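The values are calculated or read from the model by the stated rules, or taken from the named source; none is laboratory data. Note that the structure is a prediction, hence the values are computed from the model and not measured. We place every Cβ from the backbone using ideal geometry, glycine too, and count neighbours over all the protein chains shown. When the accessible area is computed, the model is the full protein with side chains, heavy atoms only, and any ligands, DNA or RNA have been set aside. Shrake-Rupley method; radii C 1.70, N 1.55, O 1.52, S 1.80 Å.
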Amino acid sequence: MWLRDPYTRLSKNETEDLQISVDAYYGNPWLENHPINTGFYFVRSNNKTISLFEKWYSQKDNSKGKKEQDVLFDLIKSGIIKHLGLRVRFLDTLYFSGFCQDSKDIRAVITVHANCCRSIIAKEADLKAIHSDWKRFKKLETNSLVSPNWTSHKCCQQSWGKPLKIKD
């Protein structure tokens with residue numbers, strides 16, 4: 001869910017080839033062991049990124065039982081960033097939040113991704129709760145010191161157990 005224009009928080013540095021969201025941010029935007037999240041990424045089209053996507057999608061189409069995110073993560077772990085000479089920035093969850101690691105500051109968050117969630121029903125329910133949190137925050141005075149917390153992602157947490165049936 002885009003809450004604000006994400007381009008305002010992306011690096012304008014044209015030497016950066018890929019900027020990608022993560023499930024958990026470890027404090028260093030260049031650290032390659034971040035658990036990536038393909039819910040949001042910004043790519044500069046060049047020979048390096050074209051090669052990355054060609055490799056990624058050829059492997060994705062031949063990787064039984066893996067999602068495209070898993071295939072890209074495996075490629076990163078195997079050294080494709082260095083091999084292709086890519087410059088990759090891993091995006092801070094303070095701004096590019098998700099259900100795995102909430103932004104700690106509702107005033108800073110730009111996007112929220114329904115990651116770490118197993119069912120569409122659960123994602124939809126918890127995204128609706130986030131949208132309500134956002135609307136409540138936007139109603140506050142701009143100089144208010146009060147900042148609402150995010151509603152917990154109960155449906156997504158429960159989605160790892162028994163299936164949910166959500167009522168409207």
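Return the residues of the stretch 4-22 that are open to solvent by less than 30 Å² (accessible area, probe 1.4 Å) and either closer than 21 Å to Val109 by Cβ or of a type in the set (Val, Ile, Thr) (or both); say none if nothing qualifies.
Pro6, Leu10, Ser11, Gln19, Ile20, Ser21, Val22
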Search result, residues across the stretch 131-143 that are hydroxyl-bearing (Ser, Thr, Tyr) and part of a helix (DSSP H, G or I)
Ser132
Are any residues in the stretch 131-155 loosely packed, with under 12 Cβ neighbours inside 10 Å and in contact with a Leu (Cβ under 7 Å, 6 or more places away or on another chain), and if so, which ones?
Val146
Given (1) more than 30 Å from Lys135 (Cβ to Cβ); (2) under 15 Å from the mean Cα position of the chain (by Cα); (3) modelled with pLDDT under 95, where does Asn62 come up short, assuming only one miss?
(2)
Of the conditions (1) β-branched (Val, Ile, Thr); (2) touching a strand residue (DSSP E or B) at 6+ places or on another chain (Cβ under 7 Å); (3) more than 23 Å from Trp56 (Cα to Cα), Ile36 clears all except one; give me its number.
(3)
Is it the case that the stretch 13-32 has a residue that's at pLDDT 95 or above and part of a helix (DSSP H, G or I)?
no
